[in-house]
Amino acid sequence: MADGRPTEASLPDSRALDEMAPEEILRLIHAEDAVAHAAVGQVLPRMAEAVEVLACSLAGGGRWFNVGAGTSGRLGVLDASEIPPTYGLPARVVQGVIAGGDRALRVAVEDAEDDAMAGALALEERGLTLGDVVLGISASGTTPFVLGAIDAATKLGARTIGLSCDPDSPLAESVEISIAPRVGPEVVAGSTRMKGGLAQKMILSALSTTVMVRLGRVRGHHMTHVSPVSSKLRGRAVRIVMELAAVDRERAREVLRMTEGSVEMALEILDAEREAGCR
């Protein structure tokens, strides 16, 4: 195993990858993606622990920071950026922090991940407090930028969660809750944007969705705090109100106009009317 790290190991089935036909390569990648899916299933109990910590923090006014570098950092920023339009929370509540800053979202800034102090400073600049949670994301679990952020959070007394693909990594050992799916070697050795990235994407999406459900941002299976800032989302808001309040399209649009697009407020008005027997 290269460097003793599972994320740097070689996958026997892909040793002759450059000699395979396109469909063979695709079938191998697809099969290995299933390994990532199964690995995530093995860490669901740890994910459930993380959900409780995150939901408790956010309910008490705390914030959630996804901290990572490279692919891991981009995935953390991506998931955080989906929270305001989907669940209506201010962007400050769930934040993505990536080594190298916003430029690293589009251009690889590989050396930025080696600066542990920068990870700590990034959280200091955001005013990290005792009630916040820092979720460090690193496939190898050895990224200095992430470890620096976790160390700063630990010293402050903030809650810490680690997401890696190595349960024996420094990241896994330095956090309160370690989520470490064993995805194994990549089809292209060391390319953790593959199975590692897939597992991280699945876990981040599942965590944020479950936390938002726990915070009451979902009714039934509908995103009742959606921000209707586009034609598609305005149409979705109308359909949600129609279904949950059992009203026609015209009435749903009327009440949404009254509430300036707030689905939750529209539903409260319609619920009150129904209870009072007004409609």
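Remarks
- Count of residues meeting criterion [outside any helix (DSSP H, G or I) and within 13 Å of the chain's Cα centre (by Cα)] in the range 53-83: 6
- Wholly enclosed helices (runs of 4 or more DSSP H) of the range 183-279 bearing at least 1 residues within 27 Å of residue 168 (Cα to Cα) and touching a Leu at 6+ places or on another chain (Cβ under 6 Å): 195-214
- Selection of the range 135-193 for residues being hydroxyl-bearing (Ser, Thr, Tyr) and modelled with pLDDT of 95 or more yields 138, 140, 142, 143, 154, 160, 164, 169, 174, 178.
- In the range 156-177, the qualifying residues are those that are within 18 Å of the chain's Cα centre (by Cα) and free of Cβ contacts under 8 Å to residues at least 40 places away in the same chain, and the one that is surrounded by the fewest Cβ atoms within 10 Å (Cβ to Cβ) is 172.
Listed here are the residues, each with its yes/no results for (1) among the hydroxyl-bearing types (Ser, Thr, Tyr); (2) touching a residue at least 40 places away in the same chain (Cβ under 8 Å).
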residue: 68; (1), (2): no, yes
residue: 79; (1), (2): no, yes
residue: 100; (1), (2): no, no
residue: 116; (1), (2): no, no
residue: 130; (1), (2): no, no
residue: 137; (1), (2): no, yes
residue: 154; (1), (2): yes, no
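- Verdict on residue 104 being assigned by TED's automatic domain parsing to the domain that holds residue 142, modelled with pLDDT under 95, surrounded by 17 or more Cβ atoms within 10 Å (Cβ to Cβ) and over 19 Å from residue 131 (Cα atoms): yes
- Restricting 235, 190, 197 to residues that are assigned by TED's automatic domain parsing to the domain that holds residue 89 and over 21 Å from the mean Cα position of the chain (by Cα) narrows the list to 190.
- Residue 100 being out of contact with any Gly (no Cβ under 7 Å at 6 or more places or on another chain) and farther than 19 Å from residue 213 by Cβ: yes
- Scanning the range 246-254 turns up at least one residue that is buried (at least 18 other Cβ atoms within 10 Å of the Cβ), over 23 Å from the mean Cα position of the chain (by Cα), more than 30 Å from residue 17 (Cβ to Cβ) and aliphatic (A, V, I, L, M).
- Which listed residue, of 50, 39, is crowded, with 19+ Cβ neighbours inside 10 Å, over 15 Å from the mean Cα position of the chain (by Cα) and modelled with pLDDT of 95 or more: 39
- Residue match in the range 211-226 (condition: under 13 Å from the mean Cα position of the chain (by Cα) and either of a type outside the set (Phe, Trp, Tyr) or surrounded by fewer than 18 Cβ atoms within 10 Å (Cβ to Cβ) (or both)): yes
The values are calculated or read from the model by the stated rules, or taken from the named source; none is laboratory data. Remember, it's a predicted structure, so these values are computed and weren't measured experimentally. All Cβ positions, glycine included, derive from the backbone under ideal geometry; neighbour counts span all protein chains shown.
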